Amino acid sequence: MEENLATSLPVEFHFDFGSPNAYLAELALPGIEKRTGCKFEYVPVLLGGVYKATGNMSPAESLRGIKNKPEYQKLEMQRFIRRHGAVKFNNNPFFPVNTLMLMRGVVAAQFEGVFEPYFRAAYHHMWEEPKKMDDPAIFKAAFESSGIDIDRLMARAQQDDVKQRLIQNTNDAVSRGSFGSPTFFVGKEIFFGKDSLRDVEESIVEQSEQSKSARA
C-alpha cells in the first residue's frame, strides 16, 4: 500500500478557547483530516499574549463604531455555521472572557494525557452552553459537571512547566507570524481564520504531492 505522505506533514491548529471563530473552525478539521490523511496538532496559545505582542485587538474592539462591517461579519459567520452544521454553537453573553485559567488548564491536560475530554468540555461550556468561564466557582462547577477532575488539573496548571509551555507556545506563534486565533500552519506556511480552511486543505494536498514527487 502506498504511504499517505500527508500523515508526516506537520499541520498545526493554534487556538484559544476565547475565540468563537476557533471553535467554529475546529468543527471542520476532522473532515480535512479524513480527506487528506493529515493529523492536526492542537497548539494552545494565549490570545491576550498574542494581541499584546503584536499590537492587535479583538474584532469586537477593532470594529467598534464602524458601520456595516460588523453586520457583514455576523452574516458571514451565519453562513459558515449553516455550511458546517454548527448547530450547537451559541454566542457567549459574557464575552469577552479572560481565558488564562482555561488555557493553562488545557496545557496541563496535555501533560496529563486528558486533553480530549478537557478540550471538548471547555468548548462546550464556552460556546455551546455558554458560561462566565473566568469566574473560578463557575469554572470549577462546569468542568465537574463534565466529569473532569478539575482540582487536580488546576493544581497541575500552577506548576512552572505548564505556565512556561503556554508562554513558549504563544511566543513561538508570534515569532512565526501569528497575530490571532485561529491560526494554522501547514509545514512553514501560515493561514489565518476560519475562512482560510479551503486554502489550508489545498496546501496540505499540494505539499504532500510535492513530497511524494521528491521521493519518487
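The values are calculated or read from the model by the stated rules, or taken from the named source; none is laboratory data. What you see is a predicted model; the values in this text were computed from it and never measured. Heads up, the Cβs are rebuilt from the backbone with ideal geometry, glycines too, and the neighbour counts pull from every protein chain shown.
Out of Lys132, Lys140, one residue alone is buried (at least 16 other Cβ atoms within 10 Å of the Cβ), touching a helix residue (DSSP H, G or I) at 6+ places or on another chain (Cβ under 6 Å) and at pLDDT 95 or above. It is Lys132. Out of all the residues in the stretch 47-67, is one or more modelled with pLDDT under 95, basic (Lys, Arg) and not in a helix (DSSP H, G or I)? Within the stretch 47-67 (the criterion being modelled with pLDDT under 95, basic (Lys, Arg) and not in a helix (DSSP H, G or I)), the answer is yes, since at least one residue qualifies. Any residue that is out of contact with any Gly (no Cβ under 8 Å at 6 or more places or on another chain), within 22 Å of Asn21 (Cβ to Cβ) and of a type in the set (Gly, Ala, Ser) - is there at least one of those in the stretch 132-151? So far as the stretch 132-151 goes, yes, one or more of its residues are out of contact with any Gly (no Cβ under 8 Å at 6 or more places or on another chain), within 22 Å of Asn21 (Cβ to Cβ) and of a type in the set (Gly, Ala, Ser). Can you find a residue that is of a type in the set (Lys, Arg), at pLDDT below 95 and not in a loop (DSSP other than H, G, I, E, B) anywhere in the stretch 81-91? Checked against the condition, which is being of a type in the set (Lys, Arg), at pLDDT below 95 and not in a loop (DSSP other than H, G, I, E, B), the stretch 81-91 yields at least one hit. Considering the stretch 184-196, the residues that are among the hydrophobic types (A, V, I, L, M, F, W, C) and buried (at least 21 other Cβ atoms within 10 Å of the Cβ) include one that is nearest to the chain's Cα centre (by Cα), namely Phe184. In summary, Ser181 fulfils each of the numbered conditions (1) outside any helix (DSSP H, G or I); (2) surrounded by 14 or more Cβ atoms within 10 Å (Cβ to Cβ); (3) in contact with a Pro (Cβ under 9 Å, 6 or more places away or on another chain); (4) not hydrophobic (A, V, I, L, M, F, W, C) with the single exception of condition (3).
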